[in-house]
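A.B. asks: Take this structure, written in structure tokens, and hold onto it; I'll ask about it next.
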Amino acid sequence: MTRPTPCTYPALSSGAGPGRKRGLLDAMPLISLEAALVLSWSSGFVGMRFALEHAPAFLVVFWRCVVVALMMLPFVATELRRTSLTVLMRHAGIGLLAMAGYLAGIGKSIEHGVPAGLTALIADLLPIGTAVLATACFGQRLGRLAWLGLLVGLLGVLLVSKDALAWSKAPWWAYGLPLLGMLSLAMATLWQKRSDSSASMGLMANLWVQSVASAVVFAVLAGMEGGLLPVASVGFATGVLWTTILPMLGGYGLYWICLRRSSPTRVASVLYLSPAVTLLWAWAMFGEPLSWLMLVGTIVSGLGVWMVMRDGQRQGQA
């Protein structure tokens, strides 16, 4: 019986387009970029928790997208003018799934009373969601070691999050919001990886288009809840800047860079380590306690991630 052929994707670099020079991020080891991704991504849950103390979720993420767009516009204006409308619309669609869909699901679930720990756990089903969608929709075949690694990684997440898991009096449908958000990001991940136009835009221009597209959606949603004016407080400004710099620019930026250099399943599986780092953020910022079970869960998650990476290496060699 022949071995299943792994799904192949267009060769991509973390640079913008064809003919561009190899940049610093291209030269960095992939594992270093993945470590920075976990650090940046995990900060988003803590940052959102802090920001929601000062404003509704949709207003926070709207201004987060606006700040990103304003900050990056001077650096991407020339490239945007040279990019075709088809490419711009494709990246806008990816952004609506990756940012608007994902952030709306996560933010509103927390706002409606779903505990942050449970929300994070559902969101951290992303590796399995990505693998299932890749198999069902695109015919990608993972080895048994990869599937086992995904399950082991999930077990580690459960161990890490055990003390933070709880049910609340949130409406029943609110528990489905983070699941929908996770599936939205999984679809965006596969679309971005399979898109043959991904290499025709630089990372900054890509993020700008996705942020602007998401800002339009969040403007409508925030306007329906009240208004778009920012809250005049230091806490609101701090929350917006925190979620802009670390999880938005750092998290999404590194996510797309790692995706260009690796497989969707591997990149998503790395995020199994984010719950442990999130708890470290919560301990440092809010004084929340740590436990030995969290350490054990982190080790188990790390083992699962290693198994996924090892399967990818075997598939590549085959």
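A.B. asks: Quick one: count up the residues across region 85-99 that are of a type outside the set (A, V, I, L, M, F, W, C) and closer than 13 Å to Leu185 by Cα.
C.D. replies: Restricting attention to region 85-99, the residues satisfying the condition of being of a type outside the set (A, V, I, L, M, F, W, C) are 86, 90-91, 93, 95.
Next cut, closer than 13 Å to Leu185 by Cα only: 93, 95.
So the answer is 2.
A.B. asks: List every residue pair whose Cβ atoms sit under 6 Å apart, with the two residues 6 or more apart in sequence or on different chains, where the first one lies in region 52-74 and is part of a loop (DSSP other than H, G, I, E, B) and the second, anywhere, is acidic (Asp, Glu).
C.D. replies: Cβ pairs passing all conditions: Pro56/Glu225.
A.B. asks: Could you tell me whether Val157 is at pLDDT 85 or above, surrounded by 23 or more Cβ atoms within 10 Å (Cβ to Cβ), closer than 20 Å to Leu293 by Cα and of a type in the set (A, V, I, L, M)?
C.D. replies: Numbers: at pLDDT 85 or above: yes; surrounded by 23 or more Cβ atoms within 10 Å (Cβ to Cβ): yes; closer than 20 Å to Leu293 by Cα: yes; of a type in the set (A, V, I, L, M): yes.
Yes, satisfied.
A.B. asks: Next up: I'm checking my understanding of the structure. Among residues of region 77-112 that are touching a Pro at 6+ places or on another chain (Cβ under 8 Å) and not hydroxyl-bearing (Ser, Thr, Tyr), which one is surrounded by the most Cβ atoms within 10 Å (Cβ to Cβ)?
C.D. replies: Here is the first cut: in region 77-112, the residues touching a Pro at 6+ places or on another chain (Cβ under 8 Å) are 105-106, 109, 111-112.
Within this subset, residues satisfying the condition of being not hydroxyl-bearing (Ser, Thr, Tyr) are 105-106, 111-112.
Numbers: Gly105: 24, Ile106: 27, Glu111: 18, His112: 15.
Out of the qualifying residues, it is Ile106.
The values are calculated or read from the model by the stated rules, or taken from the named source; none is laboratory data. Values in this document were obtained by computation on a predicted structure and should not be read as measured data. Please note: Cβ atoms are built from the backbone with ideal geometry, for glycine as well, and neighbour counts cover all protein chains shown.
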